[in-house]
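Report on the structure given below.
The values are calculated or read from the model by the stated rules, or taken from the named source; none is laboratory data. All of these numbers come straight from a predicted model, not from anything done at the bench. No Cβ is skipped: glycine too gets one built from the backbone with ideal geometry, and neighbour counts run over all protein chains shown. These area figures cover heavy atoms from the full protein model, side chains too; ligands, DNA and RNA do not enter into them. Shrake-Rupley method; radii C 1.70, N 1.55, O 1.52, S 1.80 Å.
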Amino acid sequence: MSGPENQIEKLERILEISRELTSTLALGPLLSKIVDTAAQLTVSEDASILLRDARTGELRFRTATGEKSEQLADIPVPVEGSIAGEVMKSGEPMIVTDAQQDPRHFGGVAQQIGSETRSLLAVPMLIRDRCIGVLEVLNKKGDLPFGQDDVDALKTLAAQAAVAIENTRLIGALRTAYKRLGELDKLKSDFISIASHELRTPLSLILLYAAVLQEQMGGSGAGEIDAVLRAATRLKHIIETMLNLRYLETGQMDLIPHRFDLRTEVQSACEDYQALAETGGVILKATLPDEEMPIYADQEKIRVVVDNLISNAVKFTPAGGQVRVALRSRGDDLELSLIHI
């Protein structure tokens, strides 16, 4: 085959790998294809990719041509005392015409898998001037020397292998970050849910006893009690906002329905907001049936709805006004109504 035709074939093979690099996330098959192509384009017997082990600092075979790839994976190659290590440190390609006579040649591989390295071409795999590994080809067929065309082809393939490995690393890091973000978001939602639920009851007691103290003390200490009521009311509003924000962010609610007495829940909510109403000069009245009003629903969510309705009614009723809460049965339905005048 003539020179120009051979060059066109090399470019087509490299372009094919470039297209596959941009269309697949399967790193293993892509690297296997790169070493196969490296051996074919340089007319070599074997090719392999070695990556530096971040834990030990040694080079490890990531993939290789032929049936001995799995055996190579178990063989560490030292950075000091190997041709691949020299390429790793220098960041420059290296051609070795007689590996057996080169003192930098690491003979441990041949001893373990029974192969002989006569000649070798190794190029660095670079990512932004950082060498992450080495692509090498062994034993050019016909015992011919490796030339500049071989170096250029191998450098292009090494760059593609480096990009593929870096893409995989970045995608893995991104997936880990997304997973961690999801875990943090769940922790935040769980915290908001637990905190708001656990704080609501003691806060209601604070409001209640603050109102009682305000009535008993009269003018003495009224300013301090008013401050407690205002702070407790503000905290209650913050809790309600936290719950609403959680529902808005997730776009869904985890409903845990069970049977409970709606009358008791409404009565409890009215008692909680009684002190707030009195502080604002508002009369809060509840008209509730004597019998239980059972309902099958999520008690916590229903309580949030009732709290919001009463809170808004009390908040937007001027001093001297009234808020009337009524609960009644209408056939199979229960009706909760609020009127503020």
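Things worth noting here:
- HN-Hα J in Hz across segment 40-48 - Karplus 6.51, -1.76, 1.60, θ = phi - 60°, x for Gly and Pro: 5, 5, 9, 6, 10, 6, 9, 8, 7
- FRET efficiency, R169 to L213 (Cβ-Cβ, R0 56 Å, nearest 0.05): 0.35
- Note on the chain: helix-only mean residue ellipticity at 222 nm, from DSSP H runs of 4+ residues weighted -39500 (n - 2.57) and normalised by residue number, equals -19000 deg cm²/dmol.
- Portion, in percent, of the accessible area of the chain that falls on carbon or sulfur, probe 1.4 Å: 55 percent
- Proximity of backbone amide H atoms, modeled 1.01 Å from N, is registered between R118 and N139 at under 5 Å, excluding neighbours fewer than 5 places apart on the same chain.
- When each of the peptides 291-299, 169-177, 145-153 is scored by how many other beta carbons lie within 10 Å of its residues on average, the order from highest to lowest is 145-153, 291-299, 169-177.
- Cα→Cβ-extended label distance, 7 Å offset, between Q101 and Q71, nm: 2.8 nm
- Amide hydrogen neighbours beyond the local backbone of L59, cut-off 5 Å, H modeled: D53, V77, V79
- Percent RCO, i.e. relative contact order, over the chain, from Cα pairs under 8 Å lying at least 6 residues apart: 11 percent
- Whole-percent P(r), the chain, all Cα pairs, 10 Å bins from 0: 5, 18, 18, 9, 5, 7, 10, 12, 10, 5, 0.
- Given charges at Cβ of Lys, Arg, Asp, Glu: the chain dipole, positive-most of L154, Q100, H340: H340
- Per residue value of the accessible surface for the chain (all protein chains in place, 1.4 Å probe), Å²: 57 Å²
- When the residues K186, K236 are ordered by accessible surface, computed with a 1.4 Å probe over the protein chains alone, the sequence from largest down reads K186, K236.
- Over segment 80-144, Cα pairs under 8 Å with separation of 6+ residues give a relative contact order of 34 percent.
- Judged by the mean number of other Cβ atoms found within 10 Å, the most tightly packed of the peptides 50-62, 67-79 leads the ranking 50-62, 67-79.
- Shown is the FRET efficiency for D332 and I283, computed with R0 = 25 Å from the Cβ-Cβ distance and rounded to the nearest 0.05: 0.15.
- For segment 202-213, putting each phi into the Karplus relation 6.51 cos²θ - 1.76 cosθ + 1.60 with θ = phi - 60° gives couplings of x, 5, 4, 5, 4, 4, 5, 6, 5, 5, 5, 4 Hz, in residue order, rounded to whole numbers and with x for Gly and Pro.
- Rounded to the nearest Hz, the phi-derived 3J(HN,Hα) couplings of segment 269-281 under the Karplus curve 6.51 cos²θ - 1.76 cosθ + 1.60 (θ = phi - 60°) are 5, 5, 5, 5, 8, 4, 5, 5, 5, 5, 4, x, x, where x marks glycine and proline.
- Unit charges on C-beta of K, R, D, E only; dipole of the chain, Debye: 680 debye
- Amide H partners (placed H, <5 Å) of A286, local residues excluded: V325
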